[in-house]
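Notes follow the structure.
The values are calculated or read from the model by the stated rules, or taken from the named source; none is laboratory data. The model shown is predicted, which means the values in this text are computed figures rather than measured ones. Positions of Cβ are backbone-derived with ideal geometry, glycine not excepted, and every protein chain shown enters the neighbour counts. Quick note on the areas: whole protein, heavy atoms, side chains included, nothing else; ligands and nucleic acids left out. Shrake-Rupley method; radii C 1.70, N 1.55, O 1.52, S 1.80 Å.
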Amino acid sequence: MSDSPIPSGSARPTRALDIISVAFVALLLISNIAATKAFMLGTSTHYLIFDGGAILFPLTYIIGDVLSEVYGFARARRVIIMGFVASFLASLTFFIVQYLPPAPDYDNQEAFAAVLGVVWRAVVASLAGYLAGQLLNSYVLVWIRRRWGAKHLWARLIGSTVVGEAADTILFCTILFYGEMTLGNFINYTVTGYFYKVLLEVILLPITYPVIAAIRRTEGLKKDEVFDR
């Protein structure tokens, strides 16, 4: 089985990279909007705190794993930066629209500002957590592969998520909520979010494996072959 990369400068075209890239950025943007709502599961005295981003955002790490495993760190990094730029542009657009004078018959100005209005502390928290987490996730996956070879895909997928999600969750929660919640709720929100995301990666491993294999076949790659490092 080949573990040799196809050089980055190869003229060989990719068949699925554009679809995966669009899916990655779309999930990221949807998650950022959904994350404006916090919710709890449990009773009034025993509960876990989540935000709406918990529904789809963990899938960006799974797609990031697919990108890194099949296409290599260079291409994964490019898509991650595309997501960063799209997120910043969305925040900038919401910020501008928030302060434009509403039309006479538009009655949802307060609702728009409450849900989509930009709080720059939240923007900084989201972008810092996302960029650090995704880049670390991709880098660790590729680093593990270089060090120990193509065996034990599960270790690369889980190991990279453990590191990436830790950076993402700690940065996001600390920048946005430290000092704004009670210490108990802050720990609840941070720890719950982290373990939920890592657990979801583990649960979805039986799906991630065949997805990676299918994309390799689509790209005409041999088992364990990558486009670049």
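Against the empirical 2.2 N^0.38 Å (N residues), the range 134-223 has a Cα radius of gyration ratio of 1.33. From the P(r) of the range 19-121, could you give the percentage of C-alpha pairs in the tail past 19 Å? For the range 19-121, the share of Cα pairs beyond 19 Å comes to 56 percent. For the chain, the longest principal axis of the Cα atoms and the long axis of helix 120-148 meet at an angle of about 20 degrees. Positive end of the dipole of the chain (Cβ unit charges, origin at the Cα centre): among Ala167, Leu48, Thr14, the Cα lying farthest that way belongs to Thr14.
Extension gain for the segment Leu199 to Arg78, taken as residue separation times 0.36 nm less the Cα-Cα distance, is 40.9 nm to one decimal.
Spin-label model, Ile187/Phe88: points 7 Å from Cα along the beta carbon direction are separated by 3.6 nm.
Farthest towards the positive end of the charge dipole of the range 68-157, among the residues Ala150, Phe88, Leu131, is the Cα of Ala150, using unit charges on the Cβ of Lys, Arg, Asp and Glu. Here the peptides 196-209, 168-181 are ranked by packing, the mean other Cβ count within 10 Å, and the order with the highest first is 168-181, 196-209. Charge tally for Cys173 (other residues, Cβ to Cβ under 14 Å; Lys, Arg +1; Asp, Glu -1): -2. Counting Lys and Arg as +1 and Asp and Glu as -1 over every other residue whose Cβ lies under 13 Å from the Cβ of Phe24, the net charge comes to +1.
Computed about the Cα centre, the dipole magnitude for the chain is approximately 1060 debye when only Lys and Arg (+1) and Asp and Glu (-1) carry charge, each at its Cβ. Accessible surface of the chain, 1.4 Å probe: 71 percent of it comes from carbon and sulfur atoms. In the chain, one over the average inverse separation of all distinct C-alpha pairs is 18.8 Å, which is the Kirkwood hydrodynamic radius. Length gained on full extension, Gln98 to Thr36: 20.8 nm, using 0.36 nm per residue less the C-alpha separation.
Once the chain from Leu116 to Ala150 is taken as fully extended at 0.36 nm per residue, the excess over their C-alpha distance is 7.9 nm. With Cα atoms as the point set, the range 65-173 shows a radius of gyration and Dmax of 18.5, 64 Å. The loop-placed chymotrypsin sites (Phe, Trp or Tyr not before Pro) in the range 67-156, going by DSSP, that have at most 11 neighbouring Cβ atoms within 10 Å of their Cβ come out as Tyr106. Count Lys and Arg as plus one, Asp and Glu as minus one, and take only other residues whose Cβ is under 14 Å from that of Val162; the net charge is then -2. Rolling a 1.4 angstrom probe over the protein heavy atoms with all chains in place gives the range 95-147 an accessible area of 60 Å² per residue. Dipole check for the range 106-184: with +1 at the C-beta of Lys and Arg, -1 at the C-beta of Asp and Glu, and the Cα centre as origin, the magnitude is about 820 Debye.
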